[in-house]
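Colleague: Attaching a single structure in structure tokens format; questions to follow.
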Amino acid sequence: MKVLIIGASSGLGEQTTKILAKRADVSALFLVSRNEAKLSALQAEVQSNGKECGFLSLDLSKVDEVNEKLSGFLSDKAVDVLFFNAGTLVNGRLVDTSLSDIEKTFNINTLSFIESWKATYPKIKESASPQVIVSGSMGGVQGSVKFPGLAAYSSSKSALASLCEVLAVEHEEENILFNCLAFGAINTKMLQEAFPDYVCDVSPEAMAEYVVNFMTGPRLFNGKVLPISITTP
């Protein structure tokens, strides 16, 4: 299995990379994020486990560059799984949030996924067992408890969830699975920076184990938005 992880250099993406690097059923990992130094260190760790590994340093907020740069990176690669884990969070009432912060949130959380999918599609459609997994949020699930300060974040994640539902239908005949894992709070740097007083007991390592099990397990879901949370938020 060859896995492309976008948003790989920290938190859930980093821990998922570390776990996949040790699995016998994984032959290659392709890593994308903005932090080149972290990607280089992860590449060395993956290669030390005997796996193929390449990385691309990419600023997903510059969404107009994503398709071209990612397509070039993938030109000589095969992909079975796309795990889109990129995300950013601005904590503030919508009326107090600048348009540039709202645009950045949607560029990274939603639009960069669209452009990443366009770049990945020519490769992943050739896989015998293709699937796309996106990191969603309970804040983006209709009817879930909502919290002040998360209007931009939650709406961007809601759009991401809807995209998975639609894309599952668009690519059903090609047997490409699309699922959105709607996570609750995970004790990542992003959460700590946005909510410094919030105490979260769910570690990135524990959630990464779940992601890997979902990714490598039976193909039982398609077009689903799956709540993955034991707390509110």
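The values are calculated or read from the model by the stated rules, or taken from the named source; none is laboratory data. The model shown is predicted, which means the values in this text are computed figures rather than measured ones. Cβ coordinates were reconstructed from backbone atoms using ideal geometry, including for glycine residues, and neighbour counts include every protein chain displayed.
Colleague: I want to confirm something. Restricting to segment 12-47 and keeping residues that are more than 13 Å from the chain's Cα centre (by Cα) and acidic (Asp, Glu), which single residue is nearest to Gly217 (Cα to Cα)?
Modeller: Only one residue fits best here, namely Asp25.
Here's the yes/no breakdown for (1) of a type in the set (Lys, Arg); (2) over 22 Å from Arg219 (Cβ atoms):
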{"site": "Lys146", "(1), (2)": "yes, yes"}
{"site": "Ser155", "(1), (2)": "no, yes"}
{"site": "Ala161", "(1), (2)": "no, no"}
{"site": "Asn179", "(1), (2)": "no, no"}
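Colleague: With respect to Thr105, is the statement that it is of a type in the set (Ser, Thr, Tyr), at pLDDT below 95, buried (at least 19 other Cβ atoms within 10 Å of the Cβ) and within 15 Å of the chain's Cα centre (by Cα) true?
Modeller: So Thr105 fails the test.
Colleague: Taking the condition in contact with a Gly (Cβ under 7 Å, 6 or more places away or on another chain), free of Cβ contacts under 8 Å to residues at least 60 places away in the same chain and either aliphatic (A, V, I, L, M) or closer than 22 Å to Val3 by Cα (or both), does Val132 pass?
Modeller: no
Colleague: Further, regarding this structure: If you scan segment 44-68, which residues turn out to be buried (at least 18 other Cβ atoms within 10 Å of the Cβ) and either assigned to a helix (DSSP H, G or I) or without any contact (Cβ under 8 Å) to a residue 12 or more places away in the chain (or both)?
Modeller: Val46, Val63, Val66
Colleague: Now for a separate question. Report, by residue number, each residue of segment 1-11 that is more than 12 Å from Ser33 (Cβ to Cβ) and outside any strand (DSSP E or B).
Modeller: Met1
Colleague: Using the structure shown, decide if Thr120 is of a type in the set (S, T, N, Q), farther than 19 Å from Ser10 by Cα and within 15 Å of the chain's Cα centre (by Cα).
Modeller: It is true that Thr120 is of a type in the set (S, T, N, Q), farther than 19 Å from Ser10 by Cα and within 15 Å of the chain's Cα centre (by Cα).
Colleague: Just to be sure I understand, how many residues within segment 183-215 are modelled with pLDDT of 95 or more and either loosely packed, with under 15 Cβ neighbours inside 10 Å or aliphatic (A, V, I, L, M) (or both)?
Modeller: Qualifying residue count for the region: 4.
Colleague: Show me the helices (runs of 4 or more DSSP H) entirely contained within segment 128-233 in which 3 or more residues are under 30 Å from Asp96 (Cβ atoms).
Modeller: 151-170, 189-194
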